[in-house]
Amino acid sequence: MEAGHERELVERCRRGDETAFQALVERYKDLVFALIARTVLDRSRAEDLAQDVFLRVHRGLPYFRGEARLSTWIYRIVANVCLQERSRPAVSIRQTPLDSPGAQVASASIDRRFAELELRDRVEKAIARLPARARLLIAAHYLEGVRYEELADALALPLGTVKTQLFRAKQQLRRILETELS
């Protein structure tokens, strides 16, 4: 979203324009939910937390100064919500349905899809075993494509610290996966 359009949308939200806020939610809902769902893992809890994020966004818009991009500010709210949820144990892992479109194709294709599902399941289980901060960083950067700089701004950390934490999270994930494969 370009900066001018973003500022106008924020101003409309501040004036109480509910259609503007709905546009903001529509713009960011998939990203917010994806980050939370990969961090929290319990789908119903992730839905509740996503609503909490947008409630905080709505309440916080009057205080948003515009020094950072709106998306960075929203990432920060997501990070805070997820880190507050840290003490809750992981309950479930999202599964890709086996009856997804195209599942009734040639045998070789089914075998390949099963292998992909199995690999995805292993990776998601390994991610679930990471500490909350590491899960958030892995999900944001590697699964959702959030840039280092945006993560640093959102988490109020130096860029080098974010890179170091991501590196360590990758190492932890690699160790977990290697242990499971051996």
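Once you keep just the Cα pairs under 8 angstrom separated by 6 or more residues, what percentage relative contact order results for region 3-87? Don't jump to the answer; show the numbers that get you there.
On the way: 51 pairs, mean separation 27.8, N = 85.
So the answer I get is 33 percent.
Below 11 angstrom from the Cβ of ILE77, what's the summed charge of the other residues (Lys, Arg +1; Asp, Glu -1)?
Taking every other residue near ILE77 into account, the sum is +2.
Kindly put ASP30, ASP52 in sequence by how many other C-beta atoms sit within 10 Å of each C-beta, fewest to most. Let's see the in-between values first.
Details: ASP30 11, ASP52 16.
Least crowded to most crowded, the residues run ASP30, ASP52.
Going by the alpha-carbon gyration tensor, a ≥ b ≥ c the square roots of its eigenvalues, is region 129-182 rounded (a/c under 1.5) or, if a/c is not under 1.5, prolate (a/b greater than b/c) versus oblate?
Values: a/c = 2.62, a/b = 2.14, b/c = 1.22.
Since a/c reaches 1.5 and a/b is larger than b/c, the shape of region 129-182 is classed as prolate.
Could you work out the local net charge near VAL162, counting Lys and Arg as +1, Asp and Glu as -1, over the other residues with Cβ closer than 15 Å to its Cβ? Walk me through the numbers before you get to the answer.
Details: positive: ARG76, ARG133, ARG135, ARG147, LYS163, ARG168, LYS170; negative: GLU144, GLU149, GLU150, ASP153.
Local net charge: +3.
Taking the Cα centre of region 107-181 as origin, sum charge times position over the Cβ atoms of Lys and Arg (+1) and Asp and Glu (-1), and report the length of that vector in debye to the nearest 20. Present the calculation step by step, with values, prior to reporting the outcome.
Working: 14 positive and 11 negative charges, 53 e Å.
So the dipole magnitude of region 107-181 works out to roughly 260 debye.
For region 3-87, evaluate the Debye formula with one uniform point scatterer on each Cα (no solvent term) and list log10 I(q)/I(0) at q = 0.15, 0.16, 0.18, 0.19 Å⁻¹, rounded to two decimals.
Log10 of I(q)/I(0), two decimals: -0.52, -0.59, -0.73, -0.80.
So what's the net charge close to GLU180: Lys and Arg +1, Asp and Glu -1, counting the other residues with Cβ under 13 Å from its Cβ? The partial results should precede the final answer.
On the way: positive: ARG122, LYS125, ARG129, ARG174, ARG175; negative: GLU118, ASP121, GLU124, GLU178.
Here the count lands on +1.
Taking amide hydrogens as modeled 1.01 Å from N in the peptide plane, which residues meet the under 5 Å criterion relative to VAL146, leaving out close sequence neighbours?
Those qualifying (amide H under 5 Å, at least 5 residues apart or on another chain) are HIS141.
Find the centroid of the Cα atoms in region 148-166 and in region 6-43, then give the distance between the two in whole Å.
Here the two parts' Cα centres lie 22 Å apart.
Determine the gain in length on full extension of the stretch ASN80-HIS5; use 0.36 nm per residue of separation and subtract their C-alpha separation, reporting nm with one decimal. Intermediate values should be presented prior to the final figure.
Working: separation 75, 0.36 × 75 = 27.00 nm, distance 2.61 nm.
My answer for the length gained is 24.4 nm.
Between ARG147 and ARG56, what is the label-point separation in nm under the 7 Å Cα-to-beta-carbon projection?
In this crude spin-label approximation the distance works out to 2.4 nm.
All of the numbers you see were taken from the coordinates with simple rules; none came from a lab. Just so we're clear, the structure is a prediction, and the values are computed from it rather than from any experiment. Note that each Cβ is placed from the backbone with ideal geometry, even for glycine, and that neighbours are counted across all protein chains shown.
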